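The values are calculated or read from the model by the stated rules, or taken from the named source; none is laboratory data. A quick note: this is a predicted structure, and the numbers were derived from the prediction, not measured. Please note: Cβ atoms are built from the backbone with ideal geometry, for glycine as well, and neighbour counts cover all protein chains shown.
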Amino acid sequence: MRQYNFNEDTLYWEPDRKRGGKNRVTFSDGFDTEHYLRDLFLRAKDLSSKSLELTQAIKDWPTRYHLSPQRGFLLYPFPLSGRSVLEIGSGCGAITRYLADIGSNVTAIEGNPLRAQITALRCKDKSNVSVYCDNIFEFESDKTFEVVTLIGVLEYAPCFSASSNPVIELLQRSLSLLSPNGVLIVAIENRLGLKYFCGHPED
C-alpha cells in the first residue's frame with residue numbers, strides 16, 4: 001500500500017518520497033492566478049462556498065471560475081450530505097469547499113502541488129476534507145467511495161496518463177474506486193457554450 005505523509009506546511013497528504021511517487025500533474029491556470037488565489041485563501045476570513053469576501057475578489061475570468069459561488073450549482077440535484085466523496089482533480093478547491101459545506105466526507109486528489117495547497121487552504125477550517133497531492137493513477141486507498149467526481153477533469157486525461165486512450169483509462173480507474181452501487185459524476189466543458197462562441201480559445 002502506498003504510504004502518505006501529512007505536510008504541515010502545505011496542509012495536504014503526499015506520497016512518501018522514499019517509496020517513489022514523483023508523477024505530478026503540471027496543468028495550471030498560470031503562476032499569477034494561482035499565487036493570487038493562494039494568498040487570498042491565506043488571509044480570507046470567510047472561506048465558505050458562498051463567501052461574499054471571495055466573490056468580491058473576482059477580477060477576471062480565471063478568478064471568476066475559481067471563486068464564483070455558482071460553481072456549486074452543478075451538484076445541487078444530488079443528495080451528497082454525509083456521503084463519502086472522492087474528488088478527482090480538485091483544482092483550486094471550489095467544488096471541494098462546496099462539498100465540505102454541505103457535509104460530504106471529501107477526499108480530494110490534485111496532482112499539481114500548488115493547486116493541492118490552494119485546495120487545502122480553502123478547506124483548512126473543515127475537518128471533513130482530506131487533500132492528497134498525487135496522480136490518480138498512482139493514488140492508493142484502503143477504502144472505496146460512495147461518490148466519485150470528475151468535474152472539469154476528463155478532458156484533461158492526457159495530462160496525467162500516457163495511455164493510448166487516456167479518457168477510457170481514467171473512467172475505468174474512477175469506477176474501480178466506487179463502492180457497490182456508487183455513483184460516478186462526470187461534467188466536462190460545453191463546446192457549444194457561449195464562452196467558445198465568443199471566441200475564447202480552448203484551455
In segment 81-103, what residues are surrounded by fewer than 23 Cβ atoms within 10 Å (Cβ to Cβ) and in contact with a strand residue (DSSP E or B) (Cβ under 6 Å, 6 or more places away or on another chain)?
Arg83, Ser84
In segment 55-80, which residues are in a helix (DSSP H, G or I) and among the charged types (D, E, K, R)?
Arg64, Arg71
Could you please give the count of residues in segment 22-35 that are out of contact with any helix residue (DSSP H, G or I) (no Cβ under 7 Å at 6 or more places or on another chain) and either more than 27 Å from Phe139 (Cβ to Cβ) or modelled with pLDDT of 95 or more (or both)?
2
Identify all residues within segment 159-174 that are within 15 Å of Phe145 (Cα to Cα) and over 17 Å from the mean Cα position of the chain (by Cα); write none if there are none.
Gln172
Give me the residue from segment 142-178 that is of a type in the set (Ser, Thr, Tyr) and surrounded by fewer than 17 Cβ atoms within 10 Å (Cβ to Cβ) and, out of that set, modelled with the lowest pLDDT.
Ser163
If we keep just the residues of segment 101-113 that are closer than 21 Å to Asp46 by Cα and not polar (S, T, N, Q), which is nearest to the chain's Cα centre (by Cα)?
Ala108
Flagged in segment 66-77 as touching a residue at least 24 places away in the same chain (Cβ under 8 Å) and under 15 Å from Arg122 (Cβ atoms), in numbering order, are His66, Leu67, Ser68, Arg71, Gly72
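With the condition being touching a residue at least 60 places away in the same chain (Cβ under 8 Å), I'd like the strands (runs of 3 or more DSSP E) fully within segment 102-203 carrying at least 3 qualifying residues.
Details: elements: 105-109, 129-132, 145-151, 178-187.
Of the strands (runs of 3 or more DSSP E) lying wholly inside segment 102-203, those with at least 3 residues that are touching a residue at least 60 places away in the same chain (Cβ under 8 Å) span 129-132, 145-151, 178-187.
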